[in-house]
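The values are calculated or read from the model by the stated rules, or taken from the named source; none is laboratory data. Just so we're clear, the structure is a prediction, and the values are computed from it rather than from any experiment. Heads up, the Cβs are rebuilt from the backbone with ideal geometry, glycines too, and the neighbour counts pull from every protein chain shown. For accessibility, only protein heavy atoms count, side chains too; no ligands or nucleic acids. Shrake-Rupley method; radii C 1.70, N 1.55, O 1.52, S 1.80 Å.
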There are 2 protein chains.
Amino acid sequence: MREPITGAWASPGAHRYSILVHGGAGDVPPARREAHEAGCRAAASAGLAVLARGGSALDAVQAAVEVLEDDPRYNAGTGGSLDEDGALRLDACIMEGEHLRAGAVAVLPPFRHPIAVARDVLNDGRHVLYAGAGAERFATGAGHAREEGMVTDAARARLAVVRDGASGNWAGGTVGAVARDAAGHVAAATSTGGMVGKRSGRVGDSPIPGAGNYADDRAGAASGTGEGEGYLRAALAARACFYLEAGAQPRDAAERVMGTLHERTGMRGGIILVGRDGTLGLARTTETMSWAAAWEGAPPSSGCG
Amino acid sequence: MREPITGAWASPGAHRYSILVHGGAGDVPPARREAHEAGCRAAASAGLAVLARGGSALDAVQAAVEVLEDDPRYNAGTGGSLDEDGALRLDACIMEGEHLRAGAVAVLPPFRHPIAVARDVLNDGRHVLYAGAGAERFATGAGHAREEGMVTDAARARLAVVRDGASGNWAGGTVGAVARDAAGHVAAATSTGGMVGKRSGRVGDSPIPGAGNYADDRAGAASGTGEGEGYLRAALAARACFYLEAGAQPRDAAERVMGTLHERTGMRGGIILVGRDGTLGLARTTETMSWAAAWEGAPPSSGCG
């Protein structure tokens with residue numbers, strides 16, 4: 001394992017269809033790791049069910065991420081981290097690799113499934129990314145309704161700790177998924193509440209194609225989690241996909257870009273990748289990253305440690 | 001020249017310091033092309049003056065872009081295109097290649113120099129990108145004041161034409177600059193009003209590191225102009241820099257990514273590049289792209305069409 005990589009994993013080879021899900025790079029205490037893994041397994045299973053019935057990678061990653069957005073343990077959707085004003089403002093991106101179509105929302109107020117709003121942006125096709133009040137206008141116009149009750153006591157407590165100066169801003173817990181379907185197409189989806197106590201209007205890497213999320217059938221697909229400013233500055237998801245396109249195996253590409261992130265920005269995180277042949281791989285430079293993988297004809301794999 | 005490239009140019013070789021400026025890919029009528037070139041020459045001269053006195057590439061690209069933001073002929077700052085509500089909402093990004101530091105604002109209401117706000121985001125260092133109301137809050141906190149009088153009659157007329165359905169949304173005219181300084185560092189800056197009649201909250205490629213703007217001392221620097229959704233989807237500025245890092249000459253890398261943009265998204269535009277050795281290059285797939293270049297010991301070059 002290369003310095004400063006703290007963990008890595010790869011699936012045993014090419015798969016006709018496959019999915020890899022993460023519940024965020026960070027520092028999950030040992031007592032909670034099994035629960036974090038279990039949530040990722042549930043998400044991977046939801047995605048695998050889509051793939052097993054011949055569904056698209058795009059539908060599979062959306063289904064997986066919606067499971068995690070509903071789970072308050074993760075920093076996405078319900079339970080997402082709060083900004084400096086105590087507001088829940090959500091970022092999400094979804095992308096498919098055949099035509100490079102992408103949809104994303106940033107600084108979105110509480111809607112149950114930001115990834116579903118991003119999917120509607122992709123389907124609509126007029127623009128790729130909406131932020132703030134315009135993102136809310138798009139979501140409402142697409143038939144989504146603002147939700148109450150998405151701000152949890154745990155999220156309020158995390159913000160209080162950051163405001164007291166007892167902790168840094170980065171809580172981890174961004175969620176994401178990458179998949180390849182039986183037709184050979186790849187997709188990626190990523191969703192987050194962002195940094196705890198982030199300044200108003202801050203856009204992280206998760207909603208940005210090429211930073212925290214990317215998909216290209218000629219390369220593969222990527223979803224990142226970590227100190228988002230570094231992912232933006234290093235164009236990390238695009239960088240990982242360029243390495244895949246040049247022939248790197250997913251685990252090697254993941255280790256390489258996490259090394260680049262560390263070397264060039266001093267920042268940490270993790271990334272999950274699927275190659276165009278369905279091979280899965282991941283690497284992290286954090287204490288933990290919860291993840292689960294599933295593919296045709298094998299029981300799910302998972303980890304958080 | 002490769003299909004579908006409509007124009008390309010390269011400087012004669014490596015330069016100790018150099019700058020290349022664009023005034024946007026689009027379709028400038030022949031009668032206005034000399035004026036568009038002249039504005040770019042003024043911007044390149046402002047940047048060259050910074051470089052000639054030993055200033056940084058970062059300061060040079062900011063100085064060049066500020067000249068074009070003040071010029072109402074270009075779609076950036078004063079005279080920028082209006083959104084569907086008739087509002088001026090501005091996007092800008094600036095980035096340096098030594099430490100990959102970047103600053104950006106999106107959906108920013110009228111401030112005279114969005115690129116100067118982006119520079120303050122970079123200098124502040126807490127986040128990379130702010131959008132909408134949060135971007136305005138950051139700008140005000142950094143000492144910038146909202147401006148009156150930045151909406152021009154020409155911008156209102158362009159919006160009326162689009163609303164009448166007599167023209168598409170894409171007006172061209174985004175501005176940008178790339179430079180290398182005598183210390184060997186590169187930088188890029190890009191600023192725009194975005195598409196005419198864009199939906200509220202739409203974020204284009206210009207404020208996104210890796211999409212419309214990128215800089216990395218190991219590769220070079222890039223500024224794009226064109227149909228921004230395609231630049232986001234193709235991670236075009238990052239893609240160009242990866243080709244430079246792999247050894248491509250700037251003009252070749254520019255032609256290659258404009259080909260990728262066309263092939264994968266069907267969209268058009270232009271891109272300017274500087275290699276790490278100061279070589280300049282550009283390519284476009286549009287009718288025109290105004291540009292001007294300057295480097296140590298040579299009179300400025302320019303073109304538009």
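Of all GluC sites (Glu not before Pro) in the stretch B:1-72, which ones are in loop regions per DSSP and have a Cβ with at most 12 other Cβ atoms within 10 Å?
none
Could you state the number of Å between the C-alpha centres of the stretch A:204-267 and the stretch A:1-30?
Using only Cα atoms, the two centres lie 14 Å from each other.
Given a 1.4 Å probe and heavy atoms of the protein chains only, how would you sort B:Ser45, A:Ser301, A:Ser206, largest accessible area at the top?
B:Ser45, A:Ser301, A:Ser206
Give me the extension gain from A:Ala298 to A:Glu34: residue separation times 0.36 nm, minus the current Cα-Cα distance, reported in nm with one decimal.
Difference between extended and current length: 93.0 nm.
Kindly provide the helix-only [θ] at 222 nm of chain B, computed as the sum of -39,500 (n - 2.57) over DSSP H runs of four or more divided by all residues, to the nearest 500 deg cm²/dmol?
Result for chain B: -10500 deg cm²/dmol, rounded to the nearest 500.
Which distances, in nm and shortest first, link the A:Arg156 label point to the same label point in every other copy, taking 7 Å along Cα→Cβ?
Nearest to farthest, the other copies are at 4.9 nm.
Given the stretch A:1-78, report the % of alpha carbon pairs whose separation exceeds 15 Å.
61
Cα extents of the protein assembly as shown along the three principal axes, largest first, in whole Å?
Principal axes ranked by extent give 66, 47, 45 Å for the Cα atoms.
Keeping all protein chains in place and using 1.4 angstrom, which order do A:Met289, B:Met195 fall into by accessible surface area, from largest down?
Descending order: B:Met195, A:Met289.
When ligands, DNA and RNA are left out and all protein chains stay put, how many square angstrom of accessible area per residue does chain B have with a 1.4 Å probe?
31
At 1.4 Å probe size, with no ligands or nucleic acids counted, give the accessible surface of B:Asp85 in Å², nearest ten.
Rounded to the nearest 10, the figure is 90 Å².
Can you tell me the relative contact order of chain A? Whole percent, Cα pairs under 8 Å, sequence separation 6 or more.
Relative contact order, chain A: 28 percent.
Grab the alpha carbons of the stretch A:7-303, take their convex hull, and tell me the volume per residue in Å³.
For the stretch A:7-303, the hull spanned by Cα atoms encloses 108 Å³ per residue.
Would you kindly state how much longer the chain becomes between B:Glu263 and B:Ser167 on full extension, computed as 0.36 nm times their sequence separation minus their alpha carbon distance, in nm to one decimal?
Difference between extended and current length: 32.2 nm.
I need the inter-copy label distances for A:Ala298: point set 7 Å along Cα to C-beta, values in nm with one decimal, smallest first.
Label-point separations across copies, in nm and ascending: 5.4.
In the stretch B:173-305, if every C-alpha pair distance is counted and binned at 10 Å from zero, what percent goes to each bin?
The percentages, shortest bin first, are 14, 48, 31, 7, 0.
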